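*Asks:* This is the structure I have questions about; it appears just below.
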Amino acid sequence: MNQLRENLLAAKQELRNLSEQLNLEKEDSRKKLNSLKLQLENMTQNYNVSEGKNTELKNEIQELKTENQELKENFTKQITDLEDNWEKFNVSRAQWTIDSYCPADKMRKCSACQRGWYQIQKSCFVFYDRETPSELKTWEEARENCRGRDADLVVVHDEEEKNVIDGNVTNIPVSKGYWMGLRVEGGTWKWIDGTDLMNASWIGPPAEGHCAVSLPTRTWTSVKCDEKRTRICSQKALSV
């Protein structure tokens, strides 16, 4: 009987130990389950946040696509408008050229130079003899004005051309003289076509910042390029 009692007590103690072990494992499992639940909640929250950001990104992408399409359409329209305006400009310019060289009031009889310009050899010249303040320009402004007329400031190549130019300046005099395409560069008188002045007797010694002016006295003088003068523009004559 004593042996049986001892065996029962030992079994009972073993059951207690086993129960305590199971309780410990149960508590550990509960903690792990709670941890997994917390991880699942965090993952679910992160997923929802990511899904929200994904939705925002999708909306932003769609907005960008819409804006890009609008910009593309506007850009295409601007290009079309520019092409239309350019075509109209070319048509107007072509008509202006026709009217300038082949005036309608002269039965479209064409000239080598446009109306108001003088032909000298193979070039056309125009002498702007108006000296109102709005017409007077610096040398650079005068050159830009000529360029706006598909021309440039006059270049004189030889004595014959100089005599013709001087003669016209005398016949169409202006008090301050006319700008020409001659200025000082690097201590040398240079024409705007890149050539040097060949005859130094035509004008005084070069001074930096000076440009050439043709006077009604058939002489040329050197003045500062930022002074205000009128101008002589020149362009190549047409073959008619």
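The values are calculated or read from the model by the stated rules, or taken from the named source; none is laboratory data. Keep in mind that this is a model prediction, so the values were computed, not measured. Cβ: placed from backbone, ideal geometry, glycine included. Neighbour counts: every protein chain shown.
*Asks:* Taking residue 180 as the residue in question, decide whether it is surrounded by fewer than 13 Cβ atoms within 10 Å (Cβ to Cβ) and aliphatic (A, V, I, L, M).
*Replies:* Details: surrounded by fewer than 13 Cβ atoms within 10 Å (Cβ to Cβ): no; aliphatic (A, V, I, L, M): yes.
No; evaluated as a whole, the condition is false for this residue.
*Asks:* Sticking with this structure for a sec: Might you let me know whether segment 200-222 holds any residue that is in contact with a His (Cβ under 7 Å, 6 or more places away or on another chain) and crowded, with 16+ Cβ neighbours inside 10 Å?
*Replies:* The initial filter retains those residues of segment 200-222 that are in contact with a His (Cβ under 7 Å, 6 or more places away or on another chain), namely 222.
If we keep only those that are crowded, with 16+ Cβ neighbours inside 10 Å as well, we get 222.
Yes, segment 200-222 contains at least one residue that is in contact with a His (Cβ under 7 Å, 6 or more places away or on another chain) and crowded, with 16+ Cβ neighbours inside 10 Å.
*Asks:* Same structure again: Only one residue in 168, 199 is closer than 17 Å to residue 113 by Cβ and among the polar types (S, T, N, Q), so which one is that?
*Replies:* Going through 168, 199 in turn, just one is closer than 17 Å to residue 113 by Cβ and among the polar types (S, T, N, Q): 168.
*Asks:* Determine if segment 70-91 includes at least one residue that is at pLDDT below 70, of a type in the set (S, T, N, Q) and not in a loop (DSSP other than H, G, I, E, B).
*Replies:* yes
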